[in-house]
Amino acid sequence: MNIALILSGGTGKRLGSDIPKQYISVKGSMIITRCLLKVLECKKIDGIHIVADEKWRDRIVSEMKSEGVESSVLKGFSDPGKTRQLSILNGLYGIREYAKPKDIVIVHDAARPNVSEALLNACVDECKFYDGVIPVLPMKDTVYLSNDGTSITRVLDRSRIYAGQAPEAFRLGKYIEANERLIPDDILNINGTTEPAVLAGLNVCMIHGEESNYKITTKEDLDRYISSVGSRGILSLLK
C-alpha cells in the first residue's frame, strides 16, 4: 500500500494572509484541494491521509466530494503537532492504524500544488529499493557560508550541495522508528522531513526534483501560482 501523507497544519505566517495559505481559494478551489487532486493523478497512490486542524476537515471533504473523489480515498485525518516533524509523526501514527510497516508513505506539503505524477511515480518506484527517497535540485548560484550573517566565512562547493523538495517517500515502519529515536527533545530541532532518516542511518536515495514543484511560502509564490492557473484573485474562506 502506498499512502500519501499531506501536511496541512501550517499557519502560513510568512505569507501574511488571514488564513493559512493552503486554504486560500484560487479560481474556486482551495490550494490543498488542487494539491490533493494532483496527488491522486498518480495511480500508484492508494489513499491519502491528511494532517489538518479539525475546523478545516469538513471543507476539505466537501471540496473533494464535489470533485468526484470517492470518500474511501481519504483514509483519515491527524492533528497538527507543535512542530512540522511532530505533525508528520502524528500522521504516521494515524497511518500505522491501517497500513503495514513495509508499506510506503509519501510525505507531501499541501502548499506544493504543482507536484507531478511523474515525480510521485519516481518516489514510489525508487522506494522499492531504498529506505527513503528525496527529490533534490542542484544549486545554480554560488553558495556562501557566513558564521555571523554579515561577512562571508567561505565559499561552498555548490556541485555537492542540493536543495531538497517534497514529496519524500519512506518505508513506514523504518521511518517511524527513525522519528521515535529523536523523542522527546531532538525531534524539536528537525528542519527537514528526510533528516530523521539520515540521522538513523537509513539508505536514502536522491532523485531529480522539478523546478515547477515549488512551495507556496511568500506572497510572490502565491502570485506566481495564481498566474499559473489563470486566476484573477483569491478568496479567503475564513475571516
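Restricting to segment 63-100, name every residue that is among the hydroxyl-bearing types (S, T, Y), out of contact with any strand residue (DSSP E or B) (no Cβ under 6 Å at 6 or more places or on another chain) and not in a helix (DSSP H, G or I).
Of everything in segment 63-100, those that are among the hydroxyl-bearing types (S, T, Y), out of contact with any strand residue (DSSP E or B) (no Cβ under 6 Å at 6 or more places or on another chain) and not in a helix (DSSP H, G or I) turn out to be T83, Y98.
Looking only at segment 46-58, which residues are farther than 26 Å from I190 by Cβ and either among the β-branched types (V, I, T) or out of contact with any strand residue (DSSP E or B) (no Cβ under 7 Å at 6 or more places or on another chain) (or both)?
Once the filter is applied, which keeps residues that are farther than 26 Å from I190 by Cβ and either among the β-branched types (V, I, T) or out of contact with any strand residue (DSSP E or B) (no Cβ under 7 Å at 6 or more places or on another chain) (or both), segment 46-58 yields K55, D58.
Which of the following residues is crowded, with 18+ Cβ neighbours inside 10 Å, of a type outside the set (A, V, I, L, M), over 30 Å from K21 (Cβ atoms) and over 16 Å from the mean Cα position of the chain (by Cα): D131, D148, D157?
D131
So E67 passes all but one of these: (1) of a type outside the set (G, A, S); (2) within 22 Å of L119 (Cα to Cα); (3) out of contact with any Gly (no Cβ under 9 Å at 6 or more places or on another chain); (4) free of Cβ contacts under 8 Å to residues at least 60 places away in the same chain. Which condition number does it fail?
(2)
Throughout, read-outs are computed from the coordinates displayed, never taken from laboratory work. As the structure is a computational prediction, the values presented were derived from the model and not from experiment. Cβ sites come from the backbone with ideal geometry, for glycine too, and all protein chains shown count toward neighbours.
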